[in-house]
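I'd like to ask you about the structure that follows.
The values are calculated or read from the model by the stated rules, or taken from the named source; none is laboratory data. Everything numeric here is computed off the predicted structure, so don't read it as measured data. When we count neighbours, we look across all protein chains shown, and the Cβ atoms used for this are built from the backbone with ideal geometry, even at glycine. Each accessible area value is taken on the protein alone, full model and side chains, heavy atoms only, with ligands, DNA and RNA left out. Shrake-Rupley method; radii C 1.70, N 1.55, O 1.52, S 1.80 Å.
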Amino acid sequence: MEKIKVFIVDDHPIVRQGLRQVIEADPRLALVGEAGDGAVALAQIKAAKPHVAVLDIDLPHIDGLELARALQNFRPPIPAIILTMHKEENLVNAALDRGAKGYILKDNALDELRGAILAVAKGDFYLTPSLTGCLVKRGQRASALQAEQPGLATLTPMERRVLKLVAENKTSREIGGELFISPRTVETHRANICEKLNLHGSHKLLQFALDHRSEF
């Protein structure tokens with residue numbers, strides 16, 4: 001069986017050493033690289049092609065949340081696990097909004113890291129058990145929004161990606177650059193989203209996206 005290739009990103013060498021020991025002790029896992037800087041990590045991950053990336057939030061140049069989002073633009077996308085000291089619900093939601101597939105606390109890293117990597121590598125989500133309440137609340141809000149806006153179910157995968165980037169207050173040009181499509185194509189997607197969600201007015205889509213960014 002092919003080993004699961006893992007890349008770790010944390011700006012503290014001692015933390016990386018501990019993570020390295022956990023990964024190297026498991027015969028199912030293979031460490032293919034590590035970095036202490038978000039920008040450096042982005043370039044190295046592109047070359048290393050890991051199956052899973054483990055990211056701290058607080059990183060120089062590109063933080064872990066933005067790095068997790070950038071990894072979703074790879075082909076294929078690289079799933080990220082956020083490993084952090086932060087347990088605030090808004091940060092958990094921010095990580096999931098940016099495509100992270102796992103969120104674990106550093107206090108629990110030695111016990112949970114391997115299980116999180118194995119779960120995420122096979123396509124599942126992993127959240128530190130003490131934070132599962134955040135996921136329940138998120139699901140309840142998403143269900144309520146779906147009932148209020150049934151048109152969400154009709155959005156294409158590309159329209160959903162555009163909507164998520166609108167929720168980050170990005171312009172059509174910025175969205176096009178991230179999705180490798182033209183600004184005009186982005187505008188077409190925006191118009192289609194507005195029609196499906198019955199949103200009218202120049203700023204209604206942005207307002208809707210910002211109000212519900214953790215619910216779609």
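Being in contact with a helix residue (DSSP H, G or I) (Cβ under 7 Å, 6 or more places away or on another chain), surrounded by fewer than 17 Cβ atoms within 10 Å (Cβ to Cβ) and in a loop (DSSP other than H, G, I, E, B) is the filter here, so list the residues in segment 75-91 that pass it.
Residues satisfying the conditions are Pro77, Met85, Lys87.
Output the number of residues of segment 103-130 satisfying the condition of being among the aromatic types (Phe, Trp, Tyr) and touching a Lys or Arg at 6+ places or on another chain (Cβ under 8 Å).
Summing the residues that are among the aromatic types (Phe, Trp, Tyr) and touching a Lys or Arg at 6+ places or on another chain (Cβ under 8 Å) in segment 103-130 gives 2.
Would you call Val186 within 19 Å of the chain's Cα centre (by Cα), at pLDDT 90 or above and closer than 24 Å to Ala70 by Cα?
The answer is no for Val186.
I would also like to ask the following. Tally time: how many residues in segment 184-216 are open to solvent by less than 50 Å² (accessible area, probe 1.4 Å), without any contact (Cβ under 8 Å) to a residue 12 or more places away in the chain and of a type in the set (Val, Ile, Thr)?
Count: 0.
Out of (1) more than 24 Å from Lys137 (Cβ to Cβ); (2) surrounded by fewer than 16 Cβ atoms within 10 Å (Cβ to Cβ); (3) not small (Gly, Ala, Ser), what's the single condition that is false for Asp10?
(2)
Among the residues in segment 142-165, are any under 24 Å from Ile81 (Cα atoms) and hydroxyl-bearing (Ser, Thr, Tyr)?
Within segment 142-165 (the criterion being under 24 Å from Ile81 (Cα atoms) and hydroxyl-bearing (Ser, Thr, Tyr)), the answer is no, since none of the residues qualifies.
Of all residues being of a type in the set (A, V, I, L, M) and in contact (Cβ under 8 Å) with a residue 12 or more places away in the chain in segment 25-39, which is surrounded by the fewest Cβ atoms within 10 Å (Cβ to Cβ)? Just the residue, please.
It comes out as Ala39.
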